[in-house]
Amino acid sequence: MINIIEEKECSKCNEIKSLTEFYKDKNNNDGCDYYCKKCQREKKNKYIITCKTCGNEHKTANKKVKYCSNKCKPQNASQKIKVECFICKDTKEIKPSQKLGKKHHYCSEKCKNKGYSLLYAGENSKRYNQVSVNCDTCKKEFKKVKSQSETYEISYCSNECKAIGQSKRFAGENHPRWDSSITNEERITTRKYPAYHQWRNDTFRRDNYTCQCCNDSKGGNLVAHHILNYSEHKTLRTELSNSITLCKTCHKLFHDTYGYTKNNLEQLNKFMDNTQKSVIFYAY
């Protein structure tokens, strides 16, 4: 039969006490510390200080302690003062030291956040360093960080204006990848000219960047398809009414079915019937 130890002798005071009078210690066989709780406290409280309020001496583990108890500490609950919330005007009690250097007081985090948004937002913020600039595309005036306005000569108020502005600034010969060794005829053949790129982007935007056959909207998987062939209808090469957005899979399937020449709207509508869709375009 296993004997359960319920008492132990303290190695400090040599008194036999219940195990509940000892702190837990897994490193010892009995699972308790060598010293009892009373001896442990006396061991920690090795500094003797004199209370500044009552003048009594007492032991403490922290030599920087100035008072023997919370009652002797100044600014206790009876010495608190009342202040008014800056937002909701409710009153709350605070210590006198909490009022020093503060113009506004708040009763809750909600009121504090609202007060900060009123007092320190926009131009009142310590980090506010914005200046007024005009958008290079739409000429609209807006705020911009001063360092950015000094770094970049041209400013845009939105991503849409940026796309329009950069498409004009870096089109044709101004594009970093412009190859002067290629003739205009070769660019038209390879479809590498500004008007064609604009036609393709307008097609994607009109169709919400979605394949009109299978509703695929994955990035990098779309193709602007010519309803009437690119090579056979030169006047309709960049005509928006002669386009439709397809994914690469549907585009290949269409041309595998009807070939790459003499394509027309009737073929496209038959192809779209597989998904119970019909395409309506402008008359040519």
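Here are some notes:
- Candidates Ser97, Ser167, Ser155, Ser149, filtered to the one that is among the small types (Gly, Ala, Ser), at pLDDT below 80 and either surrounded by 12 or more Cβ atoms within 10 Å (Cβ to Cβ) or assigned by TED's automatic domain parsing to the domain that holds Asn201 (or both): Ser167
- Lone qualifier among Lys26, Lys89, Lys64 - being within 30 Å of Tyr116 (Cβ to Cβ), in a loop (DSSP other than H, G, I, E, B) and free of Cβ contacts under 8 Å to residues at least 12 places away in the same chain: Lys89
- Any hit, region 33-47, residues being under 45 Å from the mean Cα position of the chain (by Cα) and either at pLDDT below 85 or farther than 30 Å from Tyr116 by Cβ (or both): no
- Screening region 29-61 for residues that are touching a residue at least 24 places away in the same chain (Cβ under 8 Å) and basic (Lys, Arg) and picking the one that is surrounded by the fewest Cβ atoms within 10 Å (Cβ to Cβ) gives Lys43.
- Among the conditions (1) surrounded by 13 or more Cβ atoms within 10 Å (Cβ to Cβ); (2) assigned to a strand (DSSP E or B), Lys82 misses just one, which is (1).
The values are calculated or read from the model by the stated rules, or taken from the named source; none is laboratory data. Since this is a predicted model, take the numbers as computed values, not measurements. Cβ atoms come from the backbone with ideal geometry, glycine included; neighbour counts cover every protein chain shown.
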